[in-house]
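What follows is one structure encoded as structure tokens, with my remarks underneath.
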Amino acid sequence: MLNLADILGVKITATLWDGAERLPYMLVESYDFRKVTLDETVCVFAEPLNAVPPVQTILRNIERIREVEALPVVLKLNGLSGERRKALIEARIPFVATGQVYLPFLGVALSERLYAEPKPREKFMPTTQLVLFSYLYQKSDKMYTSGLDKRLGISAMQVTRAVRQLQKLNLVEVFKDGVQVVIQGKSNHRALYEGTEPYLLDPVREVVYAPRDDKTAALPLAGLNALSEWSMLSPPTVTTLAHYSKTDKISGDNALTDRDKQVRVEVWKYSPTVLSDAPNAADPLSVIVSLGGEKDERVTQAIEEILRKLWEGN
């Protein structure tokens, strides 16, 4: 059943409706009744226990229910055909169903899409991703936040905000050990990583094709080239590198024109090497997130192998 609280943006409470005791036996056996409050609007939700009756029968049933308590009556359904939906709306019978809502007494009519614009899911801040990955790379299930700012090259306030976001998303527990702040994942490392996938931030801000020169030669490997360093995957012919700097820009073209003279440079939102054990490659988790759109089975197998090795015995 769709989450009405998210859809309507209102506080919703539901309890058993005691008025059902005063209804005819036939109705009590045909519906499950709930008294529902949508912010300050109280109504009765009636969910058919068997086949949904014809519209005229529903209208008569609603009249009987409203004789017991003069409240709006909403038909609660698991599914709804286009033909039946049209009939219910024409009869002005309020309903909620999977992907569909019609509550004329609230002035609400939502189609299968529910919103003209989907509600965006919260994403990690770049610093939150750095703190999370720092935790996931260690073997312990606890991590002290002291010194993280220096290790990650960010401010102490950014560490604090990152920890708050992880806590807000119910991903970690935060407690004190003396004066030290400690974070602990609410599941093991692999499960925590998989649980955070909807919030993970693609570290790549943009891609440019830059000249193959001394400047790009100093950049760490990224993308499929980095992945090929840790697996049996063959590297692509055009080398992918990562670059992060608040001051030093990488200039290049938007398209590849000469694969022998150009490299593919990903401009990152945070340092690609601050969490990496190898200075010549970006850290594996960030690379994997950057490859989120890859559908090649060889790539997905290589990623799975890297994740398995990363948390063996954890």
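The values are calculated or read from the model by the stated rules, or taken from the named source; none is laboratory data. The shown structure was predicted, so the numbers you read here are calculated from the model rather than taken from an experiment. Note that each Cβ is placed from the backbone with ideal geometry, even for glycine, and that neighbours are counted across all protein chains shown.
Out of Leu219, Leu227, report the one residue that is out of contact with any Gly (no Cβ under 8 Å at 6 or more places or on another chain), crowded, with 20+ Cβ neighbours inside 10 Å and outside any loop (DSSP other than H, G, I, E, B).
Values: Leu219 fails: outside any loop (DSSP other than H, G, I, E, B).
Residue meeting the stated conditions: Leu227.
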Requested in this report: Have a look at Ala242, Ala278, Ala282, Ala255 and point out the one that is surrounded by fewer than 20 Cβ atoms within 10 Å (Cβ to Cβ), among the small types (Gly, Ala, Ser), assigned by TED's automatic domain parsing to the domain that holds Pro220 and under 29 Å from Asp149 (Cα atoms).
Outcome: Ala278
Report task. Select the strands (runs of 3 or more DSSP E) contained entirely in the stretch 162-215, then report the ones holding at least 1 residues which are among the hydroxyl-bearing types (Ser, Thr, Tyr). Result -> 204-211
Requested in this report: All but one of (1) over 25 Å from the mean Cα position of the chain (by Cα); (2) at pLDDT 95 or above; (3) closer than 29 Å to Ser155 by Cα hold for Asp277, so report the exception by its number.
Outcome: (2)
Requested in this report: Say whether the condition of being free of Cβ contacts under 8 Å to residues at least 40 places away in the same chain, part of a strand (DSSP E or B) and not aromatic (Phe, Trp, Tyr) is met by at least one residue in the stretch 243-258.
Outcome: yes
